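Okay, structure first, notes after.
The values are calculated or read from the model by the stated rules, or taken from the named source; none is laboratory data. Since this is a predicted model, take the numbers as computed values, not measurements. Positions of Cβ are generated from backbone atoms using ideal geometry, with glycine treated the same way; all protein chains shown enter the neighbour counts. Surface accessibility is based on the protein's heavy atoms, side chains included, excluding ligands, DNA and RNA. Shrake-Rupley method; radii C 1.70, N 1.55, O 1.52, S 1.80 Å.
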Amino acid sequence: MQIEDFRSLLALGEYEHVTEAAAALHTSQPTLSRLLSRLEKELGARLFERDAKGVHPNPLGDLALAAASDIVERHDRLRRDLASVLDPDAGTVRLAFLDSMSTSLVPRMLHDVRLRAPRLRVELRQEPGHEILRDLTTGAAELALTSPRPDGPYGWRVMQRQRLALIVPAGHRLAGRRSVRLSDVAGEDVVTVPPGFGFRAQVEELFAAAGVTLRVAFEIGDLGTVEGLVGAGLGVALVPEQFAGATGTVGVPLAADGAERVVGLTWRTDRRLAPPAEAFRKWVQEAGPYD
């Protein structure tokens, strides 16, 4: 049975006359009569009693009409809801992003999008990189801000390049330097994010390239908290330079190849983006990059 079959059944229940119901449905009387016979055969029950005045639902017909009304109403509501959600100007976009972007890049992007589409709804998911990729795979997120560029079927557009700095507590021996090399922090306790985070892999690569052993004192998944631990004198850290100074730390530019974090907008390329997500992507690509 198709949705339109249920609509025809409801018309018969409303008019209780095949000819009148057929006229309302813009079909012929024989076509509607055959449809009713087919539905009764498929359901295995006689639904309407026929007499000279028309067709009249019996108790089984009343049961079928109630179900048909519910099915048609749910179908129509689904179509309305989907149309609303998929409206490129007023639908819904699901955006995931790394915790460290919550106070900088994300607000700037949302501000630009709001200027273009004030009725657009954006559902935000703030989470680690490995969870972001999982959500892009399941569809829980359509777009994401992450670093580094993920491997696999992902599109990528650079949104921001963040220079890295070494942050040290106030009064630290390196606090007055104009720049530092990682060799300058050999033997220092380091505060950083845990293994599995994309930024942790970058920190490890920078230390390895400099031939310096990474001596981790504390691990925490939030770069704001990393900065706070350094401010409390619990070590030094590599962070994007915008995190320096929040709790009295001192940021010193890092002199090293690859001393930047590249943040990009990413999405799955093996499926089509819904119209609101496609519009969001277009708008932030036009507004960016956000260096």
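Things to note:
- Scanning residues 5 or more positions from His17 or on other chains, those with amide H under 5 Å from its amide H are Val55, with H placed 1.01 Å from N in the peptide plane.
- The 3J(HN,Hα) values that the Karplus relation (6.51, -1.76, 1.60; θ = phi - 60°) gives for the range 119-125 are, in residue order, 9, 5, 9, 10, 8, 9, 10 Hz. Gly and Pro appear as x.
- The chain: antiparallel DSSP beta bridges as a percent of all, rounded to 5: 65 percent
- Ordering of 249-260, 33-44 by burial proxy (mean other Cβ atoms within 10 Å per residue, highest first): 249-260, 33-44
- Cα centroid separation, the range 37-78 to the range 144-177 (Å): 64 Å
- Taking the charge dipole of the range 60-158 about its Cα centre, with +1 at Lys and Arg Cβ atoms and -1 at Asp and Glu Cβ atoms, the residue from Ala140, His130, Ala90 reaching farthest to the positive side is Ala90.
- P(r) tail for the range 144-288: Cα pairs beyond 23 Å make up 40% of the total.
- About its Cα centre, the dipole of the range 38-80 is roughly 200 debye, where the only charges are +1 on Lys and Arg Cβ and -1 on Asp and Glu Cβ.
- Evaluated at q = 0.08, 0.09, 0.10, 0.12 Å⁻¹: base-10 log I(q)/I(0), Debye formula over Cα of the chain: -0.54, -0.61, -0.67, -0.81
- Helix 198-209 and the longest principal axis of the C-alpha atoms of the chain enclose an angle of approximately 30°.
- Only helical runs count toward this figure. For the chain, summing -39,500 (n - 2.57) over DSSP H runs of n ≥ 4 and dividing by all residues gives -13000 deg cm²/dmol at 222 nm.
- Ligands, DNA and RNA are left out, and with a 1.4 angstrom probe the accessible area of the range 230-284 is 41 Å² per residue.
- Degrees, to the nearest 10: 105-116 long Cα axis against longest axis of the chain: 40 degrees
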